[in-house]
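The values are calculated or read from the model by the stated rules, or taken from the named source; none is laboratory data. Predicted model only: the values in this text are computed from it and were never measured. Positions of Cβ are backbone-derived with ideal geometry, glycine not excepted, and every protein chain shown enters the neighbour counts. What goes into the accessible areas is simple: the full protein's heavy atoms, side chains included, and nothing from ligands, DNA or RNA. Shrake-Rupley method; radii C 1.70, N 1.55, O 1.52, S 1.80 Å.
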Amino acid sequence: MAGSKTTALRLVALASVSVLAAACGSGGGSGSGTSGGGSSAAAPKLDGRGDITFVTGKDTSNNMQKLVADWNSAHPGEQVRIVELPESADAQRQQMVQNAQVKSNAYSVLNLDVVWTAEFAANRWVVELPRDQFDLDKFLKPAVATAEYRDKLYAVPVYSDGGMLYYRKDLLDKAAVAVPKTWDELLTACQKVKALPEAANIGCYAGQFEKYEGLTVNFDEAVHSAGGATVDDAGKPTVDTPQAKAGLDVLVQGFKTGVIPQKAITYKEEEGRRSFQAGELIFQRQWPYQWALANKTDGSSQVAGKFDVAPLPGLSGPGVSSLGGHNFAISAFAEHKATALDFIKYFTTEQAERSNLLATSQAPTRADLYEDQELVKQFPYLPTLKASILAAKPRPKAVRYGDVTTAIQEAAYAALTGAKDSGAVLKDLQAKLQDLLK
Ligand code: GLC
């Protein structure tokens, strides 16, 4: 009798352990406590169908709205409501983090910046996704890598991003200058273009220099384009070097000498786009989404048909882009995870990515679309963009990414505004990063 009682107790104990394990594996979201497949390598099964929210940054083209409207008419019992967050990446992250910290079920599908995966996965704010349900071998490899954390998949790449040099082709042609490959060539090209009477008051160059995520992107690009690295391939900080200083100094000098207009210190992507579209810049570092908008012939752009794009310039040859882009993930606290998973599948079909490219000129994550001759005819920058993405360097991967990017932004901003010497800035940044990335 005593023996069978002990066995029964053991069984009860075992059963509660496995219930616990299943709940942890699913991220603890309500209605999703089952583990899938039986194999320890399988991602937890995602359950629950019904209405969901899709939480995203600004929809500059309204194409997301269109894709969501199409989904909604086909799924009456699983309606998707868009929650549009502020324009700046940092403000978006802030709201998503706060939502996760209080375990709110208000957000279902999250449009995550590629740099947030580690933080969201390590904190179990998003659930692991079933890799075998996505044809990831058809996606650009660097984009897929941004959606993984410790070899598991936590998101699906929806669009990628690579920086490119936008330039006023009409003005360069008129001044008979070649497209610059280096910073020096860019400066010479600027002087020649500005000698044209119609270009005398035009700004030479701008990027994203406001104190936010875009500054981290531009700083990292300047450093890499001069042969340096903010962190090495193993993630160790390496930012206090002559190469990194040479890269940062290109931007510091740009502001000092007026090559970069003073007001560019307030530019995020959209302020810069408006300036380029108003015909105020010869050169600009920007993402591909600007192509479609700056080519609009509805009167919103003064430069439609007058510009082209090239690889970013570097110190002694072509430069290096920071890898950008966005991945969709499922909040651990969402109720209808099965619907959320289907919605992500729907958004990443070849058809949806094609429609997104056609409407927004954003970088697809499916490799085949870059080889599609019809698309290349309509978007001649696709080969340049693909090369930019394949050669792009990721920003530091960090669970405390919010602190890491703040440290970089503060350092870069202090140097660009002349508040602090670039050498001292990099020395301090190296110490901060060493502490944060331990
Ligand atoms: C774009 C990029 C993203 C980057 C952001 C910076 O949205 O896709 O990766 O962090 O710009 O502003």
* Using a simple charge model, +1 on the beta-carbon of Lys and Arg, -1 on the beta-carbon of Asp and Glu, nothing else, what dipole does segment 79-194 show about its Cα centre, in debye to the nearest 20? -> 200
* With labels modelled as points extended 7 Å from the Cα through the Cβ direction, what inter-label distance (nm, one decimal) is found for ALA195 paired with ASN72? -> 5.7
* Under a straight-distance cross-link criterion of Cα-Cα below 24 Å, which lysines are reachable from LYS174, leaving out those fewer than 8 residues away in the same chain? -> LYS192, LYS194, LYS296, LYS306
* Asked: How large is the helix-only mean residue ellipticity at 222 nm for the chain, computed as the sum of -39500 (n - 2.57) over DSSP H runs with n ≥ 4, divided by its residue count, in deg cm²/dmol to the nearest 500?
  -> -13000 deg cm²/dmol
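Summarise the accessible area of the chain (1.4 Å probe, protein heavy atoms) by the percent that is carbon and sulfur.
Details: 10090 of 18890 Å².
Whole-percent figure for carbon plus sulfur exposure: 53.
About its Cα centre, what dipole magnitude does the chain give when the only charges are +1 on Lys and Arg Cβ and -1 on Asp and Glu Cβ, stated in debye to the nearest 20? Kindly include the intermediate steps, with their values, before the conclusion.
Numbers: 46 positive and 49 negative charges, 125 e Å.
With only Lys, Arg, Asp and Glu charged at Cβ, the dipole is about 600 debye.
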* **Probe 1.4 Å, accessible area per residue of segment 251-395, Å²** => 36
* Asked: What aspartates and glutamates sit close enough to LYS268 to cross-link, taking a C-alpha to C-alpha distance under 14 Å and skipping anything fewer than 8 places away on the same chain?
  -> GLU87, ASP90, GLU210, GLU213
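With the cut-off at 28 Å, tell me which of the pairs LYS58/LYS236; LYS245/LYS432; LYS256/LYS397 have Cα atoms farther apart than that.
Numbers: LYS58/LYS236 33 Å; LYS245/LYS432 17 Å; LYS256/LYS397 32 Å.
Table pairs above 28 Å Cα-Cα are LYS58/LYS236; LYS256/LYS397.
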* **Approximate spin-label separation LYS152-LYS58, in nm, with each point projected 7 Å along Cα-to-Cβ** => 3.5
* To do: Please give, to one decimal in nm, the separation of the simple spin-label points placed at ASN123 and ASP173, each 7 Å out from Cα toward the Cβ.
  => 5.0
* Structure fact -> Once the dipole of segment 268-379 is set up from charges on Cβ (+1 Lys and Arg, -1 Asp and Glu), the residue from the list ALA278, ASN356, GLY317 lying farthest towards its positive end is ALA278
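Can you pull the Kirkwood radius for the chain, inverse mean 1/r over Cα pairs, to one decimal in Å? Write out the running numbers ahead of the final one.
Numbers: mean 1/r = 0.0433 Å⁻¹.
Kirkwood hydrodynamic radius for the chain: 23.1 Å.
Suppose we keep just the DSSP beta bridges with both residues in the chain; what percent of those would be antiparallel, to 5? Don't jump to the answer; show the numbers that get you there.
Values: 27 of 39 bridges.
Within the chain, antiparallel bridges account for around 70 percent of the total.
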* Asked: Given a Förster radius of 51 Å and the C-beta distance between ASN295 and SER104 as r, what FRET efficiency does 1/(1 + (r/R0)^6) yield to the nearest 0.05?
  -> 0.80
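For a quick protection proxy, order the peptides 244-251, 218-225 by their average other-Cβ count within 10 Å, most packed first. Let's see the in-between values first.
Numbers: 244-251: 23.6, 218-225: 26.6.
In descending order of packing, they fall as 218-225, 244-251.
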